[in-house]
Amino acid sequence: MKIDYKETTNDLLTRIDIHNKFGSRDIDQWMLDTLQLQPGIKILDVACGGGKQCVSFHKFLNGDVSITGGDVNQELLDQAELENVKLGSPFTILPLDFDKRFPFEDGQFDLVSCCFAIYYSSDIPFTIQEMHRVLKPGSRLFTTGPMPTNKKVFYDIIHEATGKEIPPMPGSSRYSSEIYGAIEKTFSSVRTEIFENPLVFKQAGPFIAYTRASLSEDRRLWTSLFANADEFEKMMQKIHKVADERIIKDGEIVMTKVVGGFIGTK
């Protein structure tokens, strides 16, 4: 199944910034606590985006780590390279399409990570097999993605504003079912860790900024709700009105991120 999707740097960074400002928990720290990384390991970060996870791993291990980050989007690779240069270029940043064979020999890495991206694979079993192939025996795959209950209020507000059904999201509709199943089938063992982070908005503005960035970033997934820029803006006005009404009624909007971390051991 080919998913027509492309992240944009500005929208992605906007969402990350809002997570940091309005959430009460740090997902990067949760990942590090969950993984318990050891110095000297070799990491491949698949779909590395703007390099956020590469930076987190590097700083946690005080540079005693070999990190390769790859992504199919050149705009995001350019951003990752900027972050790399700031740190003295400790990473290897390269083009990597997880729909194709990885450009590595078998058994090269101690950890393969893929954060909030694997559900855009065209062939999940193939992508999981490639991740398995490049890992050393006994090493781990770590993926993150939205669980079915993720951001329920976000979708509820959009549905209330538009009167339309929410289209299936590749993450929440595939991650805990198809993707978990493929990891379970391919790896010796797999376990699930859950991260919940309530984002509390006392004003509608930041929630609208998040919604705008999210719908813009994922615009190819929302074609049943808007077809062009004018329709998008009209829809955003309706969403803003519903968000304002919720703030007046409840004093806040609480949007809870519910993330699953799947850890597969080869």
*Relative to the Cα centre, what is the charge dipole magnitude of the chain, using +1 at the beta carbon of each Lys and Arg, -1 at the beta carbon of each Asp and Glu, and rounding to the nearest 20 debye?*
380 debye
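Taking a ≥ b ≥ c as the square roots of the eigenvalues of the Cα gyration tensor of the range 181-266, is the shape rounded (a/c under 1.5), prolate (a/b larger than b/c) or oblate?
Because a/c hits 1.5 or more and a/b fails to exceed b/c, the range 181-266 counts as oblate.
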*Across the chain, where is the longest run that never hits GluC sites (Glu not before Pro) in a DSSP loop with at most 16 other C-beta atoms within 10 Å?*
1-104
*Restricting the count to DSSP beta bridges whose residues both fall in the chain, what percent are antiparallel, rounded to a multiple of 5?*
55 percent
*Please label the shape of the chain as rounded, prolate or oblate, based on the square roots a ≥ b ≥ c of the eigenvalues of the alpha-carbon gyration tensor (a/c under 1.5 means rounded; beyond that, a/b larger than b/c means prolate, else oblate).*
prolate
_Positive minus negative residues near Asp244 (Lys, Arg vs Asp, Glu; Cβ under 14 Å)_ = +1
*Which trypsin sites (Lys or Arg not before Pro) does the range 158-265 hold that lie in a coil by DSSP with at most 12 other beta carbons within 10 Å?*
Lys202
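Met31: net charge of surrounding residues, Cβ under 13 Å, Lys/Arg +1, Asp/Glu -1, itself excluded?
-1
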_Over the chain, with a Gaussian network built from C-alpha contacts below 10 Å, which listed residue (Leu135, Leu61, Leu77) shows the highest mean-square fluctuation?_
Leu61
*Would you work out the charge dipole size for the range 145-237 about its Cα centre, treating the Cβ of every Lys and Arg as +1 and the Cβ of every Asp and Glu as -1, and quote it to the nearest 20 debye?*
100 debye
*asked:* In the chain, if the dipole is taken from +1 on Lys/Arg beta carbons and -1 on Asp/Glu beta carbons about the Cα centre, which of Gln74, Leu13, Ile179 is farthest to the positive end?
replied: Ile179
*asked:* For a quick check: sort Leu37, Leu111, Leu94 by the number of other beta carbons within 10 angstrom, fewest at the front.
replied: Leu94, Leu37, Leu111
*Among Gly138, Ala117, Leu94 the positive-end extreme of the charge dipole of the range 66-143 (Cβ point charges)*: Gly138
*Sorted by Cβ density within 10 Å, fewest first, the residues Thr14, Thr149, Thr144*: Thr149, Thr14, Thr144
*If we count other beta carbons within 10 Å of each Cβ, what is the order of Ile41, Ile194, Ile93, fewest first?*
Ile194, Ile41, Ile93
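We did not get these values from a lab; they are worked out from the coordinates using the rules stated. The structure displayed is predicted, hence computed values, not measured ones. Here the Cβ is made from the backbone with ideal geometry for all residues, glycine too, and neighbour counts use every protein chain on show.
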